[in-house]
Amino acid sequence: MNRLPILFSYNLDGIGNSSIPLAFCRYWNEQGKSSVLYAPSTSGGVSFSWMRTLLGPFSKKLVYRLGDTGSIARMAEKYCYKKEAKSEYVYLWAGLSLDVFEDFHQQGAKIIAERINCHQATAKSILDKAYAELGVPADHAITCESIGLEDKKLAMADGIFCPSPMVFKSMVENGVPNHKLLPTSYGWSPQRFPNLNSEPRKNSKPKFLFVGTLCIRKGVPLLLQAWEEAEIDGELIFCGTMDMNIKQTCGEYFQRDDIVHIPFTENIGDYYNTADVFVFPSLEEGGPMVTYEAMAHGVVPLVSEMGAGAIVQDQKNGLILSHDKDAWVSALRTMSENCSQRIKLGRSARLRAQNYTWEKVAAQRAELLKSRFPSLWKEA
């Protein structure tokens, strides 16, 4: 039986994006589908027999303090290639160098690529416009050169996981052949939220929750403007670090009594458990896991098309809005005033999220791979 080497480009700590390949590799191995996960480093007690990392927690801290993460990532790529050069298949994550794509491609391996965001050309167009409208220099780091590198990697890929309809659409719009694209999703971990509250919220004043970095890309200026205009008798809670651009252009909003900023929390579940509405007007995303997590807690998602991921169905288990301020003002007011609608949509959201646990997403991806690459994991 073939095994599937997976090369992840960052530290494996079980948080954020690193939880995704960990969940897939764990499930696939449990199901007898041999997989091995390579990464530069690990921390947070994450350790499995199918993991291969260069650095443990102590060494990782030293190297990261010295700021030499790039060279360690390249060393991890070379280590993976040395061990897996004869593999028939390889699963490469975003953030890896062009060199490792070329190495495996030249050896004839079938490359499965993960896209955690929209095509960079699409993202650059969206973000350039957003920064210009706010009157600040674009500092998103997407350049014509990085777009060119991405195109070269995508050209060598035989299969490309697209975790949302918007990612799929952006790939097609930028010339990626449709037959390469594997439509899928991201998900959430029930194990991460042992105290998940499944009861309808009964807050006297509704709580609206945003989770993620407070930045232009995630639509924070639009949300703040809409909140101010909506004049809601409620609370808007932001959980996440704040970009300097937001501090400089929107700092006055955070002086309001009805807006709360929590820069960091070790238990985001506490905030999901008490929120009525999850607000996420992101301009560009791949498949925001926070949307999946919020819905699992029965929190109504009020999101942009990008913020919906592959999970939100408009009017069925949440609301999907354009990036129009008036639309957001109206939706915020509706969600604030209509408790019965919040409860109805929240219940539907929670039911929908049960189909997107990491185990179910891993099973769906395994079926996609089996369909596209029949010889992968095939018994000899």
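FYI, it's all coordinate maths here, none of it is from the lab. Quick caveat: nothing in here was measured; it's all calculated off a predicted structure. Note that each Cβ is placed from the backbone with ideal geometry, even for glycine, and that neighbours are counted across all protein chains shown.
Looking at the chain as a GNM with Cα springs under 10 Å, which of Arg201, Arg347, Arg192 has the largest mean-square fluctuation? For the chain, modelled as a Gaussian network with Cα springs under 10 Å, the answer is Arg192.
Among 167-179, 271-283, 246-258, the peptide with the highest mean count of other Cβ atoms within 10 Å heads the list, and the full ranking is 271-283, 167-179, 246-258. Kirkwood Rh, Cα Rg: Rg to Rh for the chain? Rg divided by Rh gives 0.97.
Note on the range 194-355: dipole from Cβ charges, positive end direction compared against Gly307, Met242, Gln255; the farthest Cα belongs to Gly307. Kirkwood analysis of the range 194-355, using all unique Cα-Cα pairs, places the hydrodynamic radius at 15.3 Å. A cut-off under 15 angstrom between Cβ atoms defines the neighbours of Trp50, and their net charge, with Lys, Arg +1 and Asp, Glu -1, is +3. Between Lys205 and Asn267, what is the FRET efficiency for a Förster distance of 22 Å, r being their Cβ-Cβ separation, to the nearest 0.05? So the FRET efficiency works out to roughly 0.45.
Charging the Cβ of each Asp and Glu at -1 and of each Lys and Arg at +1, and nothing else, the dipole of the chain about its Cα centre rounds to 1420 debye. Between the residues Cys118, Leu96, Pro221, the greatest Cα displacement towards the positive end of the dipole of the chain, with unit charges on the Cβ of Lys, Arg, Asp and Glu, is found for Leu96.
Globularity index of the range 98-153 is 1.45 (Cα radius of gyration / 2.2 N^0.38 Å, N = number of residues).
Result for the chain in a Gaussian network model with C-alpha springs under 10 Å: among Gln313, Gln107, Gln120, the largest mean-square fluctuation is at Gln107.
For Ile262, the residues whose modelled amide H falls within less than 5 Å of its own, excluding neighbours fewer than 5 places apart on the same chain, are Phe238, Cys239, Gly240.
Pairs exceeding a 28 Å alpha-carbon distance, out of Lys83/Lys180; Lys124/Lys316; Lys180/Lys378; Lys124/Lys360; Lys169/Lys205: Lys124/Lys316; Lys124/Lys360; Lys169/Lys205. Taking each DSSP H run with n ≥ 4 as -39500 (n - 2.57) and averaging over every residue of the chain yields -13000 deg cm²/dmol at 222 nm.
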